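Asks: This is the structure, below, for whatever I ask next.
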Amino acid sequence: MNERTKKKLIAEAIEARKNSYCPYSGFAVGAALLCKDGTIFRGCNIENASYGLTNCAERSAIFSAVSAGFRDFTAIAVVGAPKEEKAESICPPCGSCRQVMAEFGNPEKFTVLLGTESGTYKEYLLKELLPLSFEL
């Protein structure tokens with residue numbers, strides 16, 4: 001994936017973050033999922049008063065893509081921070097999101113970009129973030 005695509009994906013995640021519904025934690029997260037064909041799906045975290053029903057941005061993006069019939073993903077960008085602040089620190093995905101990524105992305109090839117609003121980012125392969133994923 002070239003630098004231009006990485007920057008675009010992070011910009012999409014920043015835009016997705018604006019739609020976050022986070023009245024309980026006050027922590028807004030956006031994600032942008034890149035499909036093999038170049039299609040991008042956005043997701044944001046959506047909280048619920050019953051915390052167990054909250055959905056993370058990463059899973060929101062993946063579930064939207066799968067619901068639309070897409071199954072071949074190459075990368076995801078994640079940007080997060082307290083709602084009223086600029087996202088200037090990286091926001092790594094939770095364990096549940098990492099496991100869902102492993103369900104739909106090849107851990108040896110699936111790229112995870114952890115971005116900031118200033119344009120900096122860290123890049124990982126999923127296998128680095130989830131070395132021992134659950135498999136059947």
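Asks: Report, ordered by the first and then the second residue, all pairs with beta carbons closer than 6 Å, sequence separation of six or more or different chains, a first member in the range 119-136 that is touching a residue at least 12 places away in the same chain (Cβ under 8 Å), and a second member that is part of a loop (DSSP other than H, G, I, E, B) and surrounded by fewer than 16 Cβ atoms within 10 Å (Cβ to Cβ).
Replies: Final answer for the pair search is 127/108.
Asks: Cβ contacts < 9 Å: first residue at pLDDT 95 or above and assigned to a loop (DSSP other than H, G, I, E, B), restricted to the range 52-81; second residue aromatic (Phe, Trp, Tyr) and surrounded by fewer than 16 Cβ atoms within 10 Å (Cβ to Cβ), any location; separation 6+ or different chain. Result?
Replies: As it stands, the answer is 54/24, since those pairs meet every condition given.
Asks: Which of the residues spanning the range 1-39 are farther than 14 Å from residue 85 by Cβ and of a type in the set (Ser, Thr, Tyr)? Write out each step before concluding.
Replies: First, the residues of the range 1-39 that are farther than 14 Å from residue 85 by Cβ: 1-13, 15-16, 19, 21, 23-24, 31-39.
5, 21, 24, 39, listed by residue number.
Asks: Still on this structure: If I go through the range 97-130 residue by residue, how many of them are outside any helix (DSSP H, G or I) and of a type in the set (A, V, I, L, M, F, W, C)?
Replies: First, the residues of the range 97-130 that are outside any helix (DSSP H, G or I): 105-125, 130.
Applying the additional criterion that residues be of a type in the set (A, V, I, L, M, F, W, C) yields 110, 112-114, 125, 130.
Residues in the range 97-130 being outside any helix (DSSP H, G or I) and of a type in the set (A, V, I, L, M, F, W, C): 6 in total.
Asks: Quick check: is even one residue across the range 84-96 modelled with pLDDT of 95 or more and in a strand (DSSP E or B)?
Replies: Looking for residues that are modelled with pLDDT of 95 or more and in a strand (DSSP E or B), one finds none in the range 84-96, hence no.
Asks: Next question, about the same structure. Which of the residues that make up the range 1-36 are over 15 Å from the mean Cα position of the chain (by Cα) and closer than 23 Å to residue 48 by Cβ?
Replies: 21, 22, 23, 24, 25, 26
Asks: Do you know which residues across the range 82-100 are touching a strand residue (DSSP E or B) at 6+ places or on another chain (Cβ under 7 Å) and surrounded by 20 or more Cβ atoms within 10 Å (Cβ to Cβ)?
Replies: 87, 91, 93
Asks: Please indicate, with yes or no, whether at least one residue in the range 30-39 is over 22 Å from residue 4 (Cα atoms) and modelled with pLDDT of 95 or more.
Replies: Step one: list which residues in the range 30-39 are over 22 Å from residue 4 (Cα atoms), which gives none.
Within the range 30-39 (the criterion being over 22 Å from residue 4 (Cα atoms) and modelled with pLDDT of 95 or more), the answer is no, since none of the residues qualifies.
The values are calculated or read from the model by the stated rules, or taken from the named source; none is laboratory data. Values in this document were obtained by computation on a predicted structure and should not be read as measured data. Heads up, the Cβs are rebuilt from the backbone with ideal geometry, glycines too, and the neighbour counts pull from every protein chain shown.
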